[in-house]
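Everything on this sheet refers to the single structure shown next.
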Amino acid sequence: MNIPVESIVLNGVIAPLSVIAWLQLALASHATDDQTRLASRGVESLKYFTVLSNLLSALTCLAYLVSCCLLGLLPVWLVVCKLVATTAVMITFLTVIAILGPAFGWKKMYEGGNLWLHLVLPLLAAVDLCLFVPVGQLTVWLTLLGMCPTLLYGVGYLGALLRHGPEENGKVYDFYGFLRWGENKVPVVAVAMLFGSWVVALLMYGLNYLLHAL
């Protein structure tokens, strides 16, 4: 299986840098001091969609390199995984631009490891997916799987809110501040996030198809 050198380089960069950026975030001295930075120390940092989506992207990039470079294969399931993981990190990218940046401040959202996790690595993943991965050969309905990370994370996030409320015993559970719009708006936000995830997956699928059709 021949894949462009550019794709090998991008995946080889994304995988380790995702882990390094996460460790930088998890070990930062300010991580437990300011919830508005959306940063926590150690394994507590794994509660954030930003971290989980980027680690999913890193794992997918690693599997992609092993499969293509060592085994000479690019199975359909791996192409789907690339689409799903890239959709997840792009949701992080877009959520910061549309919601978190205005709410918490741009400097905090792009400070330290967050610069890589919120901006650089999602864009690199999108470039790789749209230009080099044969996503356009998939059935269009497989783009619906792009909603899976958002759905699974949303179930866990909302479940914690139902059990504990926005804050309990000094621990913040609504760290993304979704309840600031009111509890009655939560279903609207959830549906919007899910639909947005599918739209992002569909747009990247369509862009890939068009670029490879040229």
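The values are calculated or read from the model by the stated rules, or taken from the named source; none is laboratory data. Quick caveat: nothing in here was measured; it's all calculated off a predicted structure. Ideal geometry is used to build each Cβ from the backbone, glycine not excepted, and the neighbour counts take in all protein chains shown. The accessibility values were calculated without ligands, DNA or RNA, using every heavy atom of the protein model including side chains. Shrake-Rupley method; radii C 1.70, N 1.55, O 1.52, S 1.80 Å.
Yes/no per residue for (1) touching a Lys or Arg at 6+ places or on another chain (Cβ under 9 Å); (2) in contact (Cβ under 8 Å) with a residue 60 or more places away in the chain; (3) closer than 17 Å to LEU56 by Cα:
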{"site": "THR92", "(1), (2), (3)": "no, no, yes"}
{"site": "VAL96", "(1), (2), (3)": "no, no, no"}
{"site": "HIS118", "(1), (2), (3)": "no, yes, yes"}
{"site": "LEU142", "(1), (2), (3)": "no, yes, no"}
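Every condition in (1) in a helix (DSSP H, G or I); (2) among the small types (Gly, Ala, Ser); (3) in contact (Cβ under 8 Å) with a residue 60 or more places away in the chain holds for GLY72 except the one numbered (1).
Scanning the range 92-123 for residues that are under 25 Å from LEU194 (Cβ atoms) and open to solvent by 10 Å² or more (accessible area, probe 1.4 Å) turns up PHE93, LEU94, THR95, ILE97, ALA98, ILE99, PRO102, ALA103, PHE104, LEU119, LEU123. Considered as a group, the residues in the range 39-69 that are assigned to a helix (DSSP H, G or I) and of a type in the set (D, E, K, R) include one that is most open to solvent (accessible area, probe 1.4 Å), and that residue is GLU44.
Pairs linking a residue in the range 172-185 that is within 15 Å of GLY159 (Cβ to Cβ) to a residue that is open to solvent by 40 Å² or more (accessible area, probe 1.4 Å), with Cβ atoms under 7 Å and 6 or more positions apart or on different chains, are TYR173/HIS164; TYR173/PRO166; TYR173/GLU167; ASP174/PRO166; PHE175/GLN35; LEU179/PRO166.
Per-residue answers, yes or no, for (1) under 17 Å from the mean Cα position of the chain (by Cα); (2) among the β-branched types (Val, Ile, Thr); (3) not in a helix (DSSP H, G or I):
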| site | (1), (2), (3) |
| --- | --- |
| ASP174 | no, no, yes |
| LEU179 | no, no, no |
| VAL186 | no, yes, no |
| VAL191 | no, yes, no |
| GLY196 | yes, no, no |
| ALA201 | yes, no, no |
| GLY206 | no, no, no |
| LEU211 | no, no, no |
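None of LEU100, LEU78, LEU124 is within 23 Å of TRP22 (Cβ to Cβ), touching a Ser or Thr at 6+ places or on another chain (Cβ under 7 Å) and part of a helix (DSSP H, G or I) except LEU78.
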